[in-house]
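Notes to accompany the following structure.
The values are calculated or read from the model by the stated rules, or taken from the named source; none is laboratory data. Computed from a predicted structure; not experimentally measured. We place every Cβ from the backbone using ideal geometry, glycine too, and count neighbours over all the protein chains shown. Protein only, heavy atoms only, side chains kept; ligands, DNA and RNA dropped before computing areas. Shrake-Rupley method; radii C 1.70, N 1.55, O 1.52, S 1.80 Å.
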Amino acid sequence: MTFVMDPLMYPGVIKHGRQLDFHEFAGRAAPPAFGYPPVAEVTFPGLGERIRRSFRLLGGDHLAPLTQSMMANLMTLFRQDHLRPDGAWRTAGLYDFCVRVVFEATFLTVYGRPPDGLRHADTAALRADFARFDEVFPLLIAGVPVRLLGRVGGVREKLIRRFLPREMSGWEGVSRFIRRRAEILERHPALRDVDQAAHHFAMLWASVANTAPAAFWVAYHLLRQPEALGAISREVRRAAEGGEAEFTTDVDVALSARQLDDMSLLESAIKESLRLSTASINIRVAKEDFSLRLNAKRSVPVRMGDIVALYPQSVHMDAGIYEDPQMFRFDRFAGKSEFFKNGQKLHYYLMPFGSGASVCPGRFFAVNEIKQFVSLLVLYFDLQLEAGQPDARPDVGRAGLGVLRPDRDVRFRYRPRRDAS
């Protein structure tokens with residue numbers, strides 16, 4: 001495997017290389033990690049391509065109903081669990097808070113709710129089992145057999161059973177994306193019910209394993225910088241008011257996808273947080289023989305089939321591209337879409353979601369989720385980090401898998417806002 005560190009060489013690699021998708025790289029290891037059979041064309045003709053096409057339901061015009069559903073679910077969770085009428089300060093771990101809210105709201109948005117209520121009664125147990133599985137996920141994706149990981153096999157089986165067709169058939173408000181995937185999987189008689197359930201479980205992991213820590217990092221950085229928090233709060237409130245009546249916390253806000261798109265400062269803060277916290281590896285396979293040019297005089301031959309790896313974090317932390325790269329600057333990307341290295345414009349300067357044709361298909365939904373979560377936090381709550389505690393830093397033990405989790409949780413205080421000021 002060849003690692004390419006210079007972003008000026010990225011266009012050549014991406015042009016001549018085919019990125020391994022979820023069913024190849026995340027994927028050659030994903031079937032044994034999640035417990036479903038490999039999606040081979042000879043065994044399941046057309047299945048891989050149909051699954052890939054289903055990801056279109058996470059973007060474009062399909063994003064609006066997902067955004068509407070996510071907003072309603074977030075408001076439900078905040079109203080029922082956190083916006084208590086006594087208005088007293090409450091203390092919690094910020095990472096734990098973000099995981100709890102994002103996990104449940106995402107589950108309800110993507111997979112739907114029970115037929116007899118707004119929330120699943122066993123969400124806490126589901127989240128706890130998910131955390132146990134996710135803790136050893138780096139070992140599973142590295143190829144360690146689940147049988148060697150103690151009780152993890154039983155935890156995984158329990159999680160998979162949660163998505164058996166007979167369980168999911170009674171859920172209401174299921175996203176069109178999941179309905180379509182279920183239809184695709186059901187068309188292949190060689191896929192047992194438990195295999196279909198394992199596919200759905202894999203999608204749950206893909207939906208929340210990176211989004212929840214990403215939401216934490218945005219909230220954490222904003223709480224550490226009052227100037228940033230104030231600027232984002234004003235932008236969000238302007239969007240919520242829409243030039244009309246003053247926003248009040250006794251009304252459930254409903255921010256549209258267009259309103260979220262207009263939040264340039266919040267989007268910049270999210271990009272900056274992802275720049276600092278993502279440590280994914282972009283794996284590509286050469287489609288043909290080509291020469292990878294190093295400089296004006298030197299090049300390296302790459303053969304068809306060779307594996308080339310890009311490590312975007314080396315770009316994200318490059319002082320030649322970003323001034324003070326270790327610092328969080330919430331407005332670094334506001335109104336700016338051009339970055340340079342050695343006087344040359346970069347085509348790929350921020351790559352938290354991969355690149356090229358195989359860029360993460362759920363990126364727009366994920367960013368909208370984070371925008372909605374942060375927007376509701378700043379609209380409805382007074383927020384403070386507790387003083388006298390160590391800073392949270394990215395835990396590099398999960399490097400290569402996306403957004404890094406914090407190495408420790410941090411305590412914060414929150415209470416319902418007493419007015420709209």
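If you scan region 390-415, which residues turn out to be of a type outside the set (Lys, Arg) and touching a strand residue (DSSP E or B) at 6+ places or on another chain (Cβ under 6 Å)?
If the condition is that a residue be of a type outside the set (Lys, Arg) and touching a strand residue (DSSP E or B) at 6+ places or on another chain (Cβ under 6 Å), then Ala392, Gly402, Val403, Leu404, Asp409, Phe412, Tyr414 are the ones that fit.
Just to be sure I understand the filter: pairs with C-beta atoms under 6 Å, separated by 6 or more residues or on different chains, first member in region 119-135 and closer than 15 Å to Val102 by Cβ, second member open to solvent by 40 Å² or more (accessible area, probe 1.4 Å) and not in a loop (DSSP other than H, G, I, E, B). Which pairs pass?
Short answer, once both residue conditions are applied: none.
When region 338-373 is examined, which residues are found to be over 14 Å from the mean Cα position of the chain (by Cα) and part of a helix (DSSP H, G or I)?
The answer is Gly356, Ala357, Ser358.
Kindly indicate whether Arg50 is among the basic types (Lys, Arg) and in contact with a Gly (Cβ under 6 Å, 6 or more places away or on another chain).
So Arg50 does not fit the description; no.
Please enumerate the residues belonging to region 109-125 that are of a type outside the set (Val, Ile, Thr) and either modelled with pLDDT under 95 or open to solvent by 10 Å² or more (accessible area, probe 1.4 Å) (or both).
Selection gives Arg113, Pro114, Pro115, Asp116, Gly117, Leu118, Arg119, His120, Ala121, Asp122, Ala124, Ala125.
Looking only at region 270-290, filter to residues that are among the charged types (D, E, K, R) and in contact with a His (Cβ under 8 Å, 6 or more places away or on another chain); which one of those is farthest from Val403 (Cα to Cα)?
Glu288
Filter region 33-57 for residues that are assigned to a helix (DSSP H, G or I) and of a type in the set (Gly, Ala, Ser) and give the result.
Ala33, Gly48, Ser54
Can you go through Glu104, Glu167 and tell me which one is under 27 Å from Pro406 (Cβ atoms), of a type in the set (Asp, Glu) and part of a helix (DSSP H, G or I)?
Glu104
Do we find that Phe22 is modelled with pLDDT under 80, among the aromatic types (Phe, Trp, Tyr), in a loop (DSSP other than H, G, I, E, B) and open to solvent by 10 Å² or more (accessible area, probe 1.4 Å) in this structure?
Yes; evaluated as a whole, the condition is true for this residue.
State which residue is most open to solvent (accessible area, probe 1.4 Å) when the search covers only region 314-326 and only residues that are in contact with a helix residue (DSSP H, G or I) (Cβ under 9 Å, 6 or more places away or on another chain) and of a type outside the set (D, E, K, R).
Going residue by residue through region 314-326, those that are in contact with a helix residue (DSSP H, G or I) (Cβ under 9 Å, 6 or more places away or on another chain) are 314-318, 321-322, 325-326.
Remaining after also requiring of a type outside the set (D, E, K, R): 314-317, 321-322, 325-326.
Values: Ser314: 34, Val315: 2, His316: 1, Met317: 51, Ile321: 20, Tyr322: 2, Pro325: 18, Gln326: 142 Å².
Step by step, filter region 314-326, then rank; the result is Gln326.
Return only the number of the condition from (1) open to solvent by less than 10 Å² (accessible area, probe 1.4 Å); (2) aliphatic (A, V, I, L, M); (3) over 27 Å from Arg329 (Cα atoms); (4) in contact (Cβ under 8 Å) with a residue 40 or more places away in the chain that Ala190 does not satisfy.
Unmet for Ala190, out of (1) open to solvent by less than 10 Å² (accessible area, probe 1.4 Å); (2) aliphatic (A, V, I, L, M); (3) over 27 Å from Arg329 (Cα atoms); (4) in contact (Cβ under 8 Å) with a residue 40 or more places away in the chain: (1).
Of all the residues that make up region 390-407, how many are closer than 22 Å to Ala269 by Cβ and outside any strand (DSSP E or B)?
8
Can Glu172 be described as open to solvent by 60 Å² or more (accessible area, probe 1.4 Å), modelled with pLDDT of 95 or more and under 23 Å from Met70 (Cα atoms)?
Numbers: open to solvent by 60 Å² or more (accessible area, probe 1.4 Å): yes; modelled with pLDDT of 95 or more: yes; under 23 Å from Met70 (Cα atoms): yes.
Answer is yes for this residue.
Contact list please: Cβ distance under 6 Å, first residue in region 385-404 and within 21 Å of Met351 (Cβ to Cβ), second residue assigned to a helix (DSSP H, G or I) and basic (Lys, Arg), pairs at least six apart or on different chains.
Once the first residue is within 21 Å of Met351 (Cβ to Cβ) and sits in region 385-404, its partners that are assigned to a helix (DSSP H, G or I) and basic (Lys, Arg) give Leu404/Arg398.
When you scan region 299-308, do you find a residue that is open to solvent by 60 Å² or more (accessible area, probe 1.4 Å) and within 23 Å of the chain's Cα centre (by Cα), even just one?
no
I'd like the full set of residues that are modelled with pLDDT under 80 and either among the acidic types (Asp, Glu) or on the phi > 0 side of the Ramachandran plot (or both), limited to region 267-288.
Matches in region 267-288: Glu288 only.
Of the residues that make up region 364-383, is at least one surrounded by fewer than 16 Cβ atoms within 10 Å (Cβ to Cβ) and under 28 Å from Ser314 (Cα atoms)?
No: zero hits.
Rundown of residues vs (1) crowded, with 18+ Cβ neighbours inside 10 Å; (2) in contact (Cβ under 8 Å) with a residue 40 or more places away in the chain; (3) over 23 Å from Phe328 (Cβ atoms); (4) over 20 Å from the mean Cα position of the chain (by Cα), yes/no style:
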| position | (1), (2), (3), (4) |
| --- | --- |
| Gly242 | no, no, yes, yes |
| Met263 | yes, yes, no, no |
| Ser268 | yes, yes, no, no |
| Leu274 | yes, yes, no, no |
| Lys287 | no, yes, yes, yes |
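When region 131-160 is examined, which residues are found to be outside any loop (DSSP other than H, G, I, E, B), open to solvent by 20 Å² or more (accessible area, probe 1.4 Å) and within 16 Å of Pro37 (Cα to Cα)?
Hits for region 131-160 are Ile141, Val146, Arg156, Glu157.
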